[in-house]
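The values are calculated or read from the model by the stated rules, or taken from the named source; none is laboratory data. A quick note: this is a predicted structure, and the numbers were derived from the prediction, not measured. Counting neighbours? That spans all protein chains shown, and the Cβs are built from the backbone with ideal geometry, glycine included. Remember, those area values only see protein heavy atoms, side chains included, never the ligands or the DNA or RNA. Shrake-Rupley method; radii C 1.70, N 1.55, O 1.52, S 1.80 Å.
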Amino acid sequence: MSWFSDRLFFGRLRTGPTVLLPAEASHPVLLEMLRLVDPGACSDGDDIMVTGVRVTAGVELAEPELRKLNIDGEKRLWAHRIVSDGPLPVNGFDRGLAEGIAYRLGGWSMTRGLMSDPAEDDHRGPIAYLGEMPSPEEMASLLRRHLRPADSVKQSWQQAGPAELDDGVVHLIREDLQMYGGADILVSAVHENEIPPAVYAVMPYATQLVKVDVRPFEDADGTTLLSGDEAMLQTGAVALAIVESFRGQATDGWGFQISEPGDLLPGGYRDPAEDPDLTEEPDITDDSAAEV
(Lines give C-alpha, C1' and ligand atoms only; values in the text may rest on other atoms or scores of the structure.)
Protein backbone atom coordinates (compact mmCIF):
# COMPACT_ATOMS: atom_id res chain seq x y z
CA MET A 1 0.00 0.00 0.00
CA SER A 2 3.05 2.25 -0.42
CA TRP A 3 1.40 4.64 -2.89
CA PHE A 4 -1.39 5.34 -0.38
CA SER A 5 0.96 5.71 2.57
CA ASP A 6 0.58 8.58 5.00
CA ARG A 7 2.99 10.88 3.15
CA LEU A 8 0.87 10.70 -0.03
CA PHE A 9 -2.38 11.87 1.49
CA PHE A 10 -3.83 15.31 0.84
CA GLY A 11 -1.27 17.75 -0.59
CA ARG A 12 1.00 14.97 -1.86
CA LEU A 13 -1.69 12.63 -3.20
CA ARG A 14 -0.99 12.01 -6.89
CA THR A 15 -2.87 14.35 -9.19
CA GLY A 16 -3.95 11.69 -11.69
CA PRO A 17 -7.28 9.86 -11.50
CA THR A 18 -8.04 6.94 -9.22
CA VAL A 19 -11.01 4.56 -9.28
CA LEU A 20 -12.63 3.70 -5.96
CA LEU A 21 -14.85 0.61 -6.00
CA PRO A 22 -17.18 -0.73 -3.27
CA ALA A 23 -16.29 -4.34 -4.11
CA GLU A 24 -13.16 -6.04 -5.35
CA ALA A 25 -13.03 -6.57 -9.11
CA SER A 26 -11.09 -9.64 -10.20
CA HIS A 27 -8.42 -9.25 -12.86
CA PRO A 28 -10.33 -11.27 -15.51
CA VAL A 29 -13.52 -9.27 -14.96
CA LEU A 30 -11.70 -5.93 -15.13
CA LEU A 31 -9.80 -6.98 -18.27
CA GLU A 32 -12.98 -8.13 -19.99
CA MET A 33 -14.68 -4.83 -19.18
CA LEU A 34 -11.71 -2.73 -20.32
CA ARG A 35 -11.78 -4.47 -23.69
CA LEU A 36 -15.05 -2.63 -24.24
CA VAL A 37 -13.11 0.65 -24.30
CA ASP A 38 -10.03 -0.81 -26.04
CA PRO A 39 -10.21 -4.29 -27.64
CA GLY A 40 -6.42 -4.37 -27.44
CA ALA A 41 -6.33 -4.07 -23.65
CA CYS A 42 -3.91 -6.60 -22.21
CA SER A 43 -2.40 -7.78 -18.94
CA ASP A 44 0.98 -6.55 -17.75
CA GLY A 45 1.63 -8.47 -14.59
CA ASP A 46 -1.16 -7.59 -12.19
CA ASP A 47 -1.90 -4.37 -14.10
CA ILE A 48 -3.84 -3.83 -17.34
CA MET A 49 -2.65 -1.68 -20.25
CA VAL A 50 -5.30 0.33 -22.13
CA THR A 51 -4.13 2.55 -25.01
CA GLY A 52 -0.91 3.56 -23.29
CA VAL A 53 -2.53 3.91 -19.90
CA ARG A 54 -1.94 1.54 -17.01
CA VAL A 55 -4.80 0.45 -14.76
CA THR A 56 -3.06 -0.76 -11.64
CA ALA A 57 -4.13 -3.72 -9.56
CA GLY A 58 -6.65 -2.95 -6.85
CA VAL A 59 -5.48 -1.99 -3.36
CA GLU A 60 -7.82 -2.38 -0.40
CA LEU A 61 -8.38 0.75 1.68
CA ALA A 62 -9.73 0.24 5.19
CA GLU A 63 -11.35 2.81 7.48
CA PRO A 64 -8.09 4.46 8.61
CA GLU A 65 -7.11 5.24 5.01
CA LEU A 66 -10.62 6.31 4.08
CA ARG A 67 -10.77 8.73 7.00
CA LYS A 68 -7.60 10.38 5.73
CA LEU A 69 -9.35 10.83 2.39
CA ASN A 70 -12.40 12.34 4.13
CA ILE A 71 -14.58 9.46 2.89
CA ASP A 72 -17.36 8.73 5.38
CA GLY A 73 -19.91 5.94 5.40
CA GLU A 74 -17.65 3.31 3.82
CA LYS A 75 -15.78 0.63 5.75
CA ARG A 76 -13.53 -0.35 2.86
CA LEU A 77 -12.99 0.41 -0.80
CA TRP A 78 -10.71 -0.92 -3.52
CA ALA A 79 -8.56 1.64 -5.32
CA HIS A 80 -7.12 1.40 -8.85
CA ARG A 81 -4.75 4.10 -10.09
CA ILE A 82 -4.89 5.17 -13.74
CA VAL A 83 -1.30 5.93 -14.76
CA SER A 84 0.06 7.10 -18.11
CA ASP A 85 3.12 5.15 -19.28
CA GLY A 86 4.21 8.08 -21.48
CA PRO A 87 3.06 11.65 -22.07
CA LEU A 88 -0.20 12.55 -20.39
CA PRO A 89 -3.18 11.20 -22.36
CA VAL A 90 -4.82 13.72 -24.65
CA ASN A 91 -8.26 15.09 -23.86
CA GLY A 92 -8.37 13.56 -20.40
CA PHE A 93 -8.48 9.94 -21.58
CA ASP A 94 -7.12 8.76 -18.22
CA ARG A 95 -9.76 10.66 -16.27
CA GLY A 96 -12.54 9.49 -18.61
CA LEU A 97 -11.32 5.92 -18.25
CA ALA A 98 -11.44 6.17 -14.46
CA GLU A 99 -14.96 7.59 -14.58
CA GLY A 100 -16.12 4.93 -17.05
CA ILE A 101 -14.80 2.11 -14.87
CA ALA A 102 -16.38 3.60 -11.77
CA TYR A 103 -19.70 4.13 -13.54
CA ARG A 104 -19.92 0.55 -14.75
CA LEU A 105 -18.89 -0.99 -11.43
CA GLY A 106 -20.88 1.32 -9.16
CA GLY A 107 -17.93 3.24 -7.74
CA TRP A 108 -16.40 6.70 -7.69
CA SER A 109 -13.59 8.56 -9.40
CA MET A 110 -11.02 10.67 -7.59
CA THR A 111 -8.84 13.28 -9.30
CA ARG A 112 -6.62 15.77 -7.47
CA GLY A 113 -8.06 14.51 -4.20
CA LEU A 114 -11.65 15.32 -5.22
CA MET A 115 -14.14 12.45 -5.29
CA SER A 116 -16.98 12.41 -7.82
CA ASP A 117 -19.83 10.09 -8.74
CA PRO A 118 -19.93 9.50 -12.52
CA ALA A 119 -23.58 8.45 -12.20
CA GLU A 120 -24.36 12.15 -11.75
CA ASP A 121 -22.63 13.14 -15.02
CA ASP A 122 -25.03 14.65 -17.55
CA HIS A 123 -22.79 13.65 -20.48
CA ARG A 124 -22.50 9.93 -19.92
CA GLY A 125 -23.81 8.94 -23.34
CA PRO A 126 -24.67 7.58 -25.75
CA ILE A 127 -22.70 8.44 -28.89
CA ALA A 128 -23.01 6.85 -32.33
CA TYR A 129 -19.98 6.90 -34.64
CA LEU A 130 -20.54 6.56 -38.39
CA GLY A 131 -18.25 6.33 -41.38
CA GLU A 132 -20.19 8.90 -43.39
CA MET A 133 -22.71 11.63 -42.74
CA PRO A 134 -26.22 10.32 -43.55
CA SER A 135 -28.27 12.48 -45.84
CA PRO A 136 -30.90 14.60 -44.08
CA GLU A 137 -33.62 12.57 -45.80
CA GLU A 138 -32.18 9.26 -44.56
CA MET A 139 -31.67 10.46 -41.00
CA ALA A 140 -35.08 12.10 -40.72
CA SER A 141 -36.78 9.00 -42.12
CA LEU A 142 -35.05 6.80 -39.52
CA LEU A 143 -35.75 9.12 -36.61
CA ARG A 144 -39.45 9.35 -37.42
CA ARG A 145 -39.62 5.66 -36.52
CA HIS A 146 -37.80 6.08 -33.21
CA LEU A 147 -38.62 9.52 -31.79
CA ARG A 148 -41.81 10.80 -30.25
CA PRO A 149 -43.00 13.40 -32.78
CA ALA A 150 -42.54 17.06 -31.98
CA ASP A 151 -45.55 19.32 -32.38
CA SER A 152 -43.69 22.63 -32.52
CA VAL A 153 -40.26 24.26 -32.80
CA LYS A 154 -39.23 25.09 -29.22
CA GLN A 155 -37.42 28.24 -28.18
CA SER A 156 -34.01 26.55 -27.89
CA TRP A 157 -34.21 25.61 -31.58
CA GLN A 158 -34.85 29.23 -32.47
CA GLN A 159 -31.66 30.19 -30.64
CA ALA A 160 -29.65 27.56 -32.57
CA GLY A 161 -30.75 28.72 -36.01
CA PRO A 162 -33.44 28.43 -38.67
CA ALA A 163 -34.92 25.08 -37.68
CA GLU A 164 -37.89 23.55 -39.48
CA LEU A 165 -40.56 21.06 -38.42
CA ASP A 166 -41.31 18.31 -40.93
CA ASP A 167 -43.68 15.47 -40.09
CA GLY A 168 -42.83 15.38 -36.39
CA VAL A 169 -39.06 15.86 -36.72
CA VAL A 170 -37.40 19.24 -36.16
CA HIS A 171 -34.23 19.66 -38.20
CA LEU A 172 -31.48 22.22 -38.60
CA ILE A 173 -28.99 21.60 -41.41
CA ARG A 174 -25.74 23.54 -41.71
CA GLU A 175 -22.50 22.81 -43.53
CA ASP A 176 -20.73 21.60 -40.38
CA LEU A 177 -23.68 20.40 -38.32
CA GLN A 178 -26.92 18.47 -38.59
CA MET A 179 -29.44 18.57 -35.73
CA TYR A 180 -32.68 16.64 -35.39
CA GLY A 181 -35.21 16.41 -32.61
CA GLY A 182 -38.46 14.91 -31.56
CA ALA A 183 -40.56 15.78 -28.54
CA ASP A 184 -37.94 14.74 -25.97
CA ILE A 185 -34.70 13.68 -27.71
CA LEU A 186 -32.08 15.71 -29.57
CA VAL A 187 -29.73 14.17 -32.16
CA SER A 188 -26.73 16.16 -33.41
CA ALA A 189 -24.15 15.01 -35.98
CA VAL A 190 -20.74 16.59 -36.68
CA HIS A 191 -17.50 15.45 -38.30
CA GLU A 192 -14.91 14.29 -35.78
CA ASN A 193 -11.17 13.59 -36.12
CA GLU A 194 -10.66 12.00 -32.70
CA ILE A 195 -11.51 8.32 -32.90
CA PRO A 196 -12.01 6.33 -29.66
CA PRO A 197 -10.07 3.03 -29.47
CA ALA A 198 -13.28 0.96 -29.46
CA VAL A 199 -14.37 2.63 -32.69
CA TYR A 200 -10.93 2.56 -34.31
CA ALA A 201 -10.89 -1.23 -33.83
CA VAL A 202 -13.78 -1.62 -36.29
CA MET A 203 -12.88 1.33 -38.57
CA PRO A 204 -9.05 1.16 -38.63
CA TYR A 205 -8.61 3.10 -41.86
CA ALA A 206 -10.80 6.06 -40.94
CA THR A 207 -9.15 9.45 -40.43
CA GLN A 208 -12.44 11.24 -39.82
CA LEU A 209 -15.79 9.99 -38.58
CA VAL A 210 -19.24 11.37 -37.95
CA LYS A 211 -19.99 11.74 -34.25
CA VAL A 212 -23.71 11.58 -33.45
CA ASP A 213 -24.69 12.68 -29.95
CA VAL A 214 -28.07 11.48 -28.71
CA ARG A 215 -29.33 13.16 -25.56
CA PRO A 216 -32.53 14.33 -23.86
CA PHE A 217 -33.92 17.51 -25.38
CA GLU A 218 -33.59 20.52 -23.13
CA ASP A 219 -35.56 23.67 -23.84
CA ALA A 220 -34.23 27.17 -23.28
CA ASP A 221 -35.74 27.29 -19.77
CA GLY A 222 -34.04 24.02 -18.77
CA THR A 223 -37.16 21.88 -19.14
CA THR A 224 -36.56 18.22 -20.02
CA LEU A 225 -39.07 15.42 -20.40
CA LEU A 226 -36.55 12.60 -19.98
CA SER A 227 -34.22 12.01 -17.03
CA GLY A 228 -32.51 9.28 -15.07
CA ASP A 229 -32.59 5.68 -16.24
CA GLU A 230 -35.44 6.38 -18.64
CA ALA A 231 -33.31 8.93 -20.47
CA MET A 232 -30.40 6.49 -20.76
CA LEU A 233 -32.60 3.67 -22.06
CA GLN A 234 -34.46 5.77 -24.61
CA THR A 235 -31.46 7.65 -25.96
CA GLY A 236 -29.50 4.39 -26.04
CA ALA A 237 -32.18 2.74 -28.14
CA VAL A 238 -32.04 5.61 -30.64
CA ALA A 239 -28.23 5.55 -30.84
CA LEU A 240 -28.22 1.80 -31.46
CA ALA A 241 -30.87 2.17 -34.16
CA ILE A 242 -28.66 4.77 -35.87
CA VAL A 243 -25.54 2.55 -35.87
CA GLU A 244 -27.56 -0.44 -37.06
CA SER A 245 -29.01 1.50 -39.97
CA PHE A 246 -25.78 3.29 -40.98
CA ARG A 247 -23.21 0.64 -40.00
CA GLY A 248 -21.46 2.35 -37.13
CA GLN A 249 -20.36 1.81 -33.55
CA ALA A 250 -22.01 3.05 -30.36
CA THR A 251 -20.27 3.98 -27.12
CA ASP A 252 -21.12 5.68 -23.88
CA GLY A 253 -19.72 9.10 -23.05
CA TRP A 254 -16.44 7.56 -21.86
CA GLY A 255 -15.82 5.48 -24.99
CA PHE A 256 -17.01 2.08 -23.70
CA GLN A 257 -18.77 0.11 -26.43
CA ILE A 258 -22.47 -0.50 -25.84
CA SER A 259 -24.56 -3.23 -27.43
CA GLU A 260 -27.89 -2.66 -25.69
CA PRO A 261 -29.52 0.30 -23.91
CA GLY A 262 -29.06 -1.29 -20.49
CA ASP A 263 -25.28 -0.94 -20.90
CA LEU A 264 -25.78 2.77 -20.22
CA LEU A 265 -27.21 2.32 -16.74
CA PRO A 266 -24.95 2.99 -13.73
CA GLY A 267 -23.45 -0.14 -12.27
CA GLY A 268 -24.75 -2.01 -15.29
CA TYR A 269 -21.69 -4.09 -16.16
CA ARG A 270 -22.36 -7.81 -15.94
CA ASP A 271 -19.65 -10.35 -15.18
CA PRO A 272 -19.69 -12.88 -18.07
CA ALA A 273 -18.75 -15.67 -15.66
CA GLU A 274 -21.86 -15.04 -13.57
CA ASP A 275 -24.38 -14.19 -16.31
CA PRO A 276 -25.82 -17.17 -18.24
CA ASP A 277 -26.58 -14.91 -21.20
CA LEU A 278 -22.90 -13.98 -21.56
CA THR A 279 -21.19 -17.27 -22.18
CA GLU A 280 -18.02 -16.08 -23.91
CA GLU A 281 -15.01 -16.49 -21.67
CA PRO A 282 -12.46 -13.67 -21.29
CA ASP A 283 -9.61 -14.06 -23.79
CA ILE A 284 -6.76 -14.02 -21.32
CA THR A 285 -3.51 -15.41 -22.67
CA ASP A 286 -1.15 -13.94 -20.07
CA ASP A 287 -0.48 -16.29 -17.17
CA SER A 288 -0.32 -13.29 -14.88
CA ALA A 289 -4.03 -12.60 -15.39
CA ALA A 290 -5.05 -14.37 -12.22
CA GLU A 291 -7.59 -13.07 -9.78
CA VAL A 292 -6.30 -10.30 -7.58
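Taking segment 137-147 as the range and being loosely packed, with under 15 Cβ neighbours inside 10 Å and within 28 Å of the chain's Cα centre (by Cα) as the test, the residues that pass are E138, S141, R145. In segment 7-26, the residue that is modelled with the lowest pLDDT out of those that are out of contact with any strand residue (DSSP E or B) (no Cβ under 6 Å at 6 or more places or on another chain) and of a type in the set (S, T, Y) is T15.
If you check D151, D167, D221, D176 for being in contact (Cβ under 8 Å) with a residue 60 or more places away in the chain and surrounded by fewer than 12 Cβ atoms within 10 Å (Cβ to Cβ), only one passes: D221.
Those strands (runs of 3 or more DSSP E) of segment 99-157 in which 3 or more residues are in contact with a strand residue (DSSP E or B) (Cβ under 8 Å, 6 or more places away or on another chain) and farther than 12 Å from Y180 by Cβ occupy 108-111, 127-130. Within segment 48-88, being under 18 Å from S109 (Cβ atoms), surrounded by fewer than 20 Cβ atoms within 10 Å (Cβ to Cβ) and in contact with a Ser or Thr (Cβ under 8 Å, 6 or more places away or on another chain) holds for R54, V83. Scan segment 219-235 and tell me whether some residue there is among the small types (G, A, S) and more than 16 Å from P126 (Cβ to Cβ). Looking through segment 219-235, at least one residue is among the small types (G, A, S) and more than 16 Å from P126 (Cβ to Cβ). Among residues of segment 119-134 that are in contact (Cβ under 8 Å) with a residue 24 or more places away in the chain, those with a beta-carbon under 6 Å from a residue that is part of a loop (DSSP other than H, G, I, E, B) and open to solvent by 50 Å² or more (accessible area, probe 1.4 Å) at least six positions away or on a different chain give the pairs A119/P266. Taken over segment 224-255, the criterion of being in a helix (DSSP H, G or I), open to solvent by less than 60 Å² (accessible area, probe 1.4 Å) and not polar (S, T, N, Q) is satisfied by G228, A231, M232, G236, A237, V238, A239, L240, A241, I242, V243, F246. The number of residues in segment 89-116 that are open to solvent by 40 Å² or more (accessible area, probe 1.4 Å) and over 23 Å from L66 (Cβ atoms) comes to 3.
I need the full set of residues from segment 179-209 which are of a type in the set (V, I, T), part of a strand (DSSP E or B) and crowded, with 19+ Cβ neighbours inside 10 Å, in order please.
I185, V187
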